[in-house]
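Since the structure comes first, as structure tokens, the remarks are kept for the end.
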Amino acid sequence: EQEELFAPYTKQYVTNRPHACMMNLIPRNAGKSLGIHFLCKRHGFRKEDSYAFGDAFNDVDMLQSAGISIAMADGDPALAELATLVSPPADSDGIAKTLQSLGLIGDSF
């Protein structure tokens, strides 16, 4: 019901609702997902070869746009359901550990 009320005002945005009282508005011509598409195109990567790490609900569109989506263990628990993988917490070098486990970086970074 609320979505219908907002619909006329949100056509130029990608929206998501992390909470009943909150709505994220991401301009359709900007945002993290477009950043992934831009970088893949610019550097000749396939979407399937892209990785994205996210910890908050405003990362949903980015995680859905990446080939491999990685939710941080200390982030919003709902992201883990959307993600391909769950990384150790950020304050435990979670990103580096995940990149190492995927063979993308060596042991010394």
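Relative contact order, percent, of the stretch 1-104 when contacts are C-alpha pairs under 8 Å separated by at least 6 residues?
The value is 16 percent.
Using a 1.4 Å probe on the protein chains only, how many percent of the accessible area of the chain belongs to carbon and sulfur?
The computed percentage sits at 55.
For Ser87, what residues show an amide H to amide H distance below 5 Å, using hydrogens built from the backbone and excluding near sequence neighbours?
Correct list: Ala71, Met72, Ala73.
Where only protein heavy atoms count, and the probe is 1.4 Å, what is the accessible area per residue for the chain in Å²? Mind showing how you got there, number by number?
Details: 7260 Å² over 109 residues.
Heavy-atom accessible area per residue stands at 67 Å².
So what does Leu82 come to for accessible area, using a 1.4 Å probe and Å² rounded to 10?
Rounded to the nearest 10, that gives 80 Å².
Binning at 10 Å from 0, report for the stretch 54-109 what percent of all alpha-carbon pair distances ends up in each bin.
Result, from short to long distances: 27, 53, 19, 1 percent.
Among Ser65, Ser92, Ser33, determine the one that fluctuates most according to a GNM of the chain built with springs between C-alpha atoms less than 10 Å apart.
Per the Cα network of the chain with a 10 Å cutoff, Ser92 tops the list.
Could you state the number of Å between the C-alpha centres of the stretch 85-103 and the stretch 1-55?
Distance between centres, Cα-based: 24 Å.
Probe 1.4 Å, all protein chains in place: accessible area of His43 in Å², nearest 10?
For His43, the solvent-accessible surface is approximately 110 Å².
Which residue fluctuates most in the GNM of the chain (Cα springs below 10 Å): Ala80, Ala71, Ala30?
Ala30
Would you please report the Å³ per residue occupied by the convex hull of the alpha carbon atoms in the chain?
114
Tell me the relative contact order for the stretch 26-70 as a rounded percent, counting alpha carbon contacts under 8 Å between residues six or more apart.
RCO, the stretch 26-70: 41 percent.
Once every DSSP H run of n ≥ 4 in the chain is given -39500 (n - 2.57) and the sum is divided by its residues, what mean residue ellipticity at 222 nm do you get, rounded to the nearest 500 deg cm²/dmol?
-9000 deg cm²/dmol
When only DSSP loop residues count, what GluC sites (Glu not before Pro) in the stretch 1-57 have their Cβ near at most 15 other Cβ atoms within 10 Å?
Numbers: sites: Glu1, Glu3, Glu4, Glu48; in loops: Glu1.
Taking the stretch 1-57 and a limit of 15 other Cβ atoms within 10 Å, the loop GluC sites (Glu not before Pro) found are Glu1.
The values are calculated or read from the model by the stated rules, or taken from the named source; none is laboratory data. Quick caveat, the model's predicted, so the values are computed rather than measured. So basically every Cβ, Gly included, is an ideal-geometry build from the backbone, and we count neighbours across all protein chains shown. Ligands, DNA and RNA are stripped out before the accessible areas are found, and what is left, the full protein with its side chains, is counted by its heavy atoms. Shrake-Rupley method; radii C 1.70, N 1.55, O 1.52, S 1.80 Å.
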